[in-house]
1. Could you identify the single residue in A62, A85, A73, A58 that is over 13 Å from the mean Cα position of the chain (by Cα) and touching a residue at least 12 places away in the same chain (Cβ under 8 Å)?
2. Taking the conditions exactly as written (small (G, A, S) and either in contact with a strand residue (DSSP E or B) (Cβ under 6 Å, 6 or more places away or on another chain) or buried (at least 16 other Cβ atoms within 10 Å of the Cβ) (or both)), does G28 satisfy them or not?
3. Among the residues of segment 115-159, how many are within 30 Å of T181 (Cβ to Cβ) and either touching a strand residue (DSSP E or B) at 6+ places or on another chain (Cβ under 6 Å) or of a type in the set (S, T, N, Q) (or both)?
4. Does T140 satisfy the criteria of being part of a loop (DSSP other than H, G, I, E, B), modelled with pLDDT of 90 or more, hydroxyl-bearing (S, T, Y) and closer than 20 Å to L64 by Cβ?
5. Determine which member of the set L90, L149, L158 is surrounded by 20 or more Cβ atoms within 10 Å (Cβ to Cβ) and farther than 19 Å from P222 by Cβ.
6. So Y121 ticks every box in (1) closer than 30 Å to G216 by Cα; (2) part of a helix (DSSP H, G or I); (3) touching a Ser or Thr at 6+ places or on another chain (Cβ under 9 Å) but one. Which box is left unticked?
7. Only one of (1) at pLDDT 90 or above; (2) in a helix (DSSP H, G or I); (3) of a type in the set (A, V, I, L, M, F, W, C) is not met by F130, so which one is it?
8. For the subset of segment 161-195 comprising residues that are more than 22 Å from the chain's Cα centre (by Cα) and outside any helix (DSSP H, G or I), which member is surrounded by the most Cβ atoms within 10 Å (Cβ to Cβ)?
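The values are calculated or read from the model by the stated rules, or taken from the named source; none is laboratory data. Just so you know, these numbers come straight off a predicted model, no measurement behind them. Counting neighbours? That spans all protein chains shown, and the Cβs are built from the backbone with ideal geometry, glycine included.
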Amino acid sequence: MTRRRSAPVALTLLAVLGVALVVLPLIGLIVRTPWSRAGEILGSETARTALRLSLIVATASALLGSLVGFPLAWALARSEFRGKALVRALVVLPLVMPPVVGGVALLSAFGRRGLVGGPVYDAFGVQITFTVWAAVLASTFVSFPLLVLALEVGLRSLDRRLEDAASTMGASRWYVLRRVTLPLLGPQIAAGLVLAWARALGEFGATITFAGNLAGHTQTLPLAVFEDLQTDPGGAIALSLLLVTVSLIVIVTLRGRFLQTS
């Protein structure tokens, strides 16, 4: 029978401090929430619209990120090409780039006078900025690297012999992908989608810069929190707690194994 060894006291104390760093702000939200007004705040049209828009934007961002992220992860994990290290660095860049800088970069590319947005507007009269699509694009920009990294790690860890066996038995590449690779990659796909979704749900800097803070159109829940913080701190705290609760529910429901131990 294997005995579990206890951690050194110093490490235990540091671990407790790490937990406190996460838990204390959450307790602060709970304590400072104006519970007598919580129903009124959370039931307001502004809160409901911002929450609905946040869920739509986060879901669309995760789906869009998976559409471009899986082929990119496949190329990074399974292909060899010149400049591969540079491509991986560029993919990771949005994770370390200040979000507001990402918003400025998006404006430079897709704004009304941007590299892509300018010709699109001149040719079709379509403006991307300050629309819900801008919010989706901004959230995708900052969140899809998490999906790519999770999928790349998953692809590298797969047993290639299973795919090779299916191929030698006459299975086409698409059949192997659908019936062997994707099922084996299921946990990594789920993890990447949840991480990207949660990151998109909380996106603020790139969204407010590129999509604006238009109530009912581009004002997601984080932007509503920011606006309320200027005039109604209690309302901002209540909305923040709502955002935390939604994120926690999604993580526990869709990715309960994050909380499992061996």
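1. Matching residue, one of A62, A85, A73, A58: A73.
2. Here the answer is no, as G28 does not meet what is asked.
3. 4
4. no
5. Residue meeting the stated conditions: L149.
6. Every condition holds for Y121 apart from (3).
7. Result: F130 passes all but (2).
8. Among residues in segment 161-195 that are more than 22 Å from the chain's Cα centre (by Cα) and outside any helix (DSSP H, G or I), the one surrounded by the most Cβ atoms within 10 Å (Cβ to Cβ) is A171.
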